[in-house]
Amino acid sequence: MKAIVCKQFGPPESLVFEDLALSPPGPHEVRIRVLAAGVNFPDVLIIQNKYQFRGTPPFAPGGEVCGEIIELGDQVTRWKLGDRVAALTMIGGFAEECVCHETVCVAVPEAMSAAVAAGFHLVYGTVIHALQDRGQLQPGETLLVLGASGGVGLAAVQLGRILGARVIAAASSDDKLALCQAQGADEGINYSQTGLKEAVKQLTGGKGADVIFDPVGGQFAQDAFSCIAWKGRHLVVGFAAGQIPEIALNRLLLKGCASLGVFWGDFIRREPEHQAANVRQLYAWFADGRLKPVISREYPLSEGAQALRDMADRKVTGKVVLVS
Ligand SMILES: NC(=O)c1ccc[n+]([C@@H]2O[C@H](COP(=O)([O-])OP(=O)(O)OC[C@H]3O[C@@H](n4cnc5c(N)ncnc54)[C@H](OP(=O)(O)O)[C@@H]3O)[C@@H](O)[C@H]2O)c1
């Protein structure tokens with residue numbers, strides 16, 4: 001079968017599109033014909049060996065897919081051939097077929113297209129866990145979202161709005177902010193032109209943001225503590241800017257605030273029932289039309305390397321997926 005293959009760690013340009021052998025499923029594994037694969041920032045890091053999870057070359061990147069089950073391990077009882085599932089694979093998804101453990105699959109609602117399902121579970125799963133479980137976001141509170149037009153960022157804008165918050169989107173261009181506002185952000189800050197601290201203070205009458213969703217890190221994480229409200233919650237989601245910031249603890253003391261880690265990958269392993277409840281909630285919002293995922297671009301599988309290059313270059317918005 002054809003796959004995007006990482007033969008040695010390196011940038012997206014080092015990936016090749018070629019045949020890759022796939023082992024048959026083990027007793028508790030399933031083989032999936034991939035219909036679509038979600039593209040996520042961790043894929044950009046995994047191919048460079050810069051992520052906490054390490055693949056062993058040669059491997060196909062790709063952490064989440066939607067597809068059809070075409071082979072079952074001999075101990076699998078929860079799935080049958082032909083079931084349409086979304087699966088969190090960590091790697092292996094940028095391929096025509098993949099093999100994964102039966103427990104990382106979830107049934108996909110009929111009304112959800114393969115492209116949407118391939119880009120749904122990781123971003124919305126991360127964001128509902130971040131905003132509700134970790135941030136305890138309350139209706140009427142102000143939510144500041146950094147990197148707001150990206151995958152998890154735009155999901156945070158949408159879910160923040162559904163949860164009743166006033167949402168301030170922060171991103172690096174006016175076009176990106178226009179997308180955020182079309183998806184429910186109340187206000188936008190172009191942080192490549194305006195200081196984050198001053199802009200948030202101005203928009204909140206000096207109070208600051210109650211919850212800050214931060215998938216960017218670097219200098220923006222430092223700035224966040226200058227515009228966080230009393231008893232605010234800073235959600236540490238990722239470091240897309242490349243630098244892991246160091247925060248002086250006096251900044252937490254002075255605002256009576258908290259910095260809270262969000263590690264969705266471990267949350268779903270440690271708390272599967274809680275995760276299942278979160279997915280039920282997300283599916284309910286999808287079914288009643290309140291949650292409308294944005295797929296900004298579909299790339300053919302063969303152009304997977306280009307999709308990762310565009311993501312690394314900050315050229316993508318919302319979700320992008322590969323389609324077979
Ligand atoms: N903690 C968890 O459980 C979890 C789960 C999923 C993802 N993540 C992390 O969340 C982060 C975002 O993931 P994503 O899939 O949403 O990525 P994405 O779609 O590429 O979004 C990242 C955003 O970060 C901003 N950014 C600022 N500096 C950047 C730089 N130097 N390079 C690239 N982007 C930069 C960009 O917005 P502007 O151009 O507007 O600044 C971009 O839209 C990643 O660090 C990822 O590892 C964490």
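I'm trying to understand the selection: among the residues of region 157-172, which are among the β-branched types (Val, Ile, Thr) and within 13 Å of the ligand (Cβ to nearest atom)?
Across region 157-172, the qualifying residue is only Val157.
Suppose we filter region 145-185 for residues that are part of a strand (DSSP E or B) and not aliphatic (A, V, I, L, M); how many remain?
Counting residues in region 145-185 that are part of a strand (DSSP E or B) and not aliphatic (A, V, I, L, M) gives 1.
Hey, can you tell me all the residues within region 224-237 that are surrounded by fewer than 23 Cβ atoms within 10 Å (Cβ to Cβ) and in a loop (DSSP other than H, G, I, E, B)?
Phe225, Ser226
What's the number of the condition Asp210 fails, among (1) within 15 Å of the chain's Cα centre (by Cα); (2) surrounded by 19 or more Cβ atoms within 10 Å (Cβ to Cβ); (3) of a type in the set (Asp, Glu)?
Here Asp210 clears every test but (1).
Taking Leu72, is it of a type in the set (A, V, I, L, M, F, W, C), over 25 Å from Pro300 (Cα atoms) and touching a residue at least 12 places away in the same chain (Cβ under 8 Å)?
In short, yes.
Among the residues of region 173-185, is any of a type in the set (Asp, Glu) and either away from the ligand (no atom under 15 Å from the Cβ) or at pLDDT below 95 (or both)?
Within region 173-185, not a single residue is of a type in the set (Asp, Glu) and either away from the ligand (no atom under 15 Å from the Cβ) or at pLDDT below 95 (or both).
Give region 288-306 a look and list any residue that's under 22 Å from Gln181 (Cα atoms) and assigned to a strand (DSSP E or B), or say none.
Ile295, Ser296, Arg297
Would you tally the residues in region 122-156 being within 13 Å of the ligand (Cβ to nearest atom) and in contact with a Lys or Arg (Cβ under 7 Å, 6 or more places away or on another chain)?
4
Need at least 1 residues that are within 16 Å of the ligand (Cβ to nearest atom), at pLDDT 95 or above and crowded, with 20+ Cβ neighbours inside 10 Å per element, so show me which strands (runs of 3 or more DSSP E) inside region 1-103 make the cut, counting only ones lying wholly within it.
In region 1-103, the matching strands (runs of 3 or more DSSP E) lie at 29-39, 64-72, 84-88.
Would you pick out the residues in region 273-290 that are hydrophobic (A, V, I, L, M, F, W, C) and within 19 Å of the chain's Cα centre (by Cα)?
Selection gives Ala276, Ala277, Val279, Leu282, Trp285, Phe286.
For region 186-198, which residues satisfy the criterion of being part of a helix (DSSP H, G or I) and either β-branched (Val, Ile, Thr) or within 26 Å of the chain's Cα centre (by Cα) (or both)?
Hits for region 186-198 are Leu196, Lys197.
For region 253-264: of the residues being without any contact (Cβ under 8 Å) to a residue 60 or more places away in the chain and in a helix (DSSP H, G or I), which is nearest to the chain's Cα centre (by Cα)?
My answer is Lys255.
I'd like to check something: does region 118-133 contain any residue that is within 22 Å of Cys257 (Cα to Cα), touching a helix residue (DSSP H, G or I) at 6+ places or on another chain (Cβ under 8 Å), aliphatic (A, V, I, L, M) and not in a helix (DSSP H, G or I)?
no
So which residues in region 188-212 are touching a Leu at 6+ places or on another chain (Cβ under 7 Å) and near the ligand (Cβ under 10 Å from one of its atoms), if there are any at all?
If the condition is that a residue be touching a Leu at 6+ places or on another chain (Cβ under 7 Å) and near the ligand (Cβ under 10 Å from one of its atoms), then Asn190 is the only one that fits.
Name the single residue that is farthest from Val127 (Cα to Cα) among those in region 238-282 being buried (at least 18 other Cβ atoms within 10 Å of the Cβ) and among the β-branched types (Val, Ile, Thr).
For region 238-282, the residue satisfying everything is Ile268.
Check Arg269, Arg166, Arg251, Arg161 and return the single one that is of a type outside the set (A, V, I, L, M), at pLDDT below 95 and over 30 Å from Phe53 (Cβ atoms).
Arg251
The values are calculated or read from the model by the stated rules, or taken from the named source; none is laboratory data. The shown structure was predicted, so the numbers you read here are calculated from the model rather than taken from an experiment. Every residue, glycine among them, receives a Cβ derived from its backbone with ideal geometry; neighbour counts consider all protein chains shown.
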